[in-house]
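To start, the structure itself, in structure tokens.
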Amino acid sequence: MSQTPLSPSLLEPPSGLQTHLGFELTEWSRDHARVELDFAPHLHNRQGLLHGGIHALMLDTAMGYAGCYTGDPERKQDALTLSLTVNYIGQLQGKRIIATAKRTGGGRRTYFAEATVTDETGAIAASATGVFRYRSGPLTA
């Protein structure tokens, strides 16, 4: 799928987690998103492998964006994850973690998405499906 460059006007200020880990939204359009992160030692588990939670984070983040594109920086849409199923398939070989997601269906209040985590060599590490609920107001604690 060929994507046009991401418009800087659509980028939101990075969250604290995004700033801490360093992932970035690199593609975003209707029903599609791509999130990328460079490998770094602080992302490894005690075996020296990429921690499975990083796969899940990247998959969840990409699917979250895939269902929330409005094309209008003044009309932000947010969603909450209701269900996330991750399947671990293999190990990445490259230097960059890439999560690509697409919205696969849904309605006015919820949507469904699927995603994969690969690296720049094309190695597949994990896939996921998720169910998300659109938010209509501020999140309360």
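Assorted remarks:
- THR129 under 15 Å from the mean Cα position of the chain (by Cα), at pLDDT 95 or above and among the hydroxyl-bearing types (Ser, Thr, Tyr): yes
- Number of the exception - ALA113 against (1) in contact with a Gly (Cβ under 9 Å, 6 or more places away or on another chain); (2) closer than 21 Å to PRO13 by Cβ; (3) among the aliphatic types (A, V, I, L, M); (4) surrounded by 14 or more Cβ atoms within 10 Å (Cβ to Cβ): (2)
- Residue in segment 88-97 that is crowded, with 19+ Cβ neighbours inside 10 Å, within 18 Å of VAL117 (Cβ to Cβ) and touching a strand residue (DSSP E or B) at 6+ places or on another chain (Cβ under 7 Å) present: yes
- ALA40 aliphatic (A, V, I, L, M), under 18 Å from LEU17 (Cβ atoms) and free of Cβ contacts under 8 Å to residues at least 60 places away in the same chain: yes
- When ALA113, ALA101, ALA79 are screened for being under 18 Å from TYR134 (Cβ atoms), in a strand (DSSP E or B) and touching a residue at least 60 places away in the same chain (Cβ under 8 Å), only ALA101 passes.
- Residues satisfying the stated conditions in segment 63-76, i.e. within 15 Å of LEU10 (Cβ to Cβ) and either of a type in the set (S, T, N, Q) or assigned to a helix (DSSP H, G or I) (or both): GLY64, TYR65, ALA66, THR70
Matching residues to (1) surrounded by 14 or more Cβ atoms within 10 Å (Cβ to Cβ); (2) in contact (Cβ under 8 Å) with a residue 40 or more places away in the chain; (3) out of contact with any helix residue (DSSP H, G or I) (no Cβ under 8 Å at 6 or more places or on another chain):
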site: MET58; (1), (2), (3): yes, yes, yes
site: GLY64; (1), (2), (3): yes, yes, yes
site: PRO73; (1), (2), (3): no, yes, no
site: LEU84; (1), (2), (3): yes, yes, no
site: ALA123; (1), (2), (3): yes, no, yes
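- Looking across segment 9-21, the residues that are surrounded by 13 or more Cβ atoms within 10 Å (Cβ to Cβ) and in contact with a helix residue (DSSP H, G or I) (Cβ under 9 Å, 6 or more places away or on another chain) come down to GLN18, LEU21.
The values are calculated or read from the model by the stated rules, or taken from the named source; none is laboratory data. Every value quoted in this text rests on a predicted model; they were computed, and no experiment measured them. Using ideal geometry, Cβ is built from the backbone for each residue, glycine included, and neighbour counts are taken over all protein chains shown.
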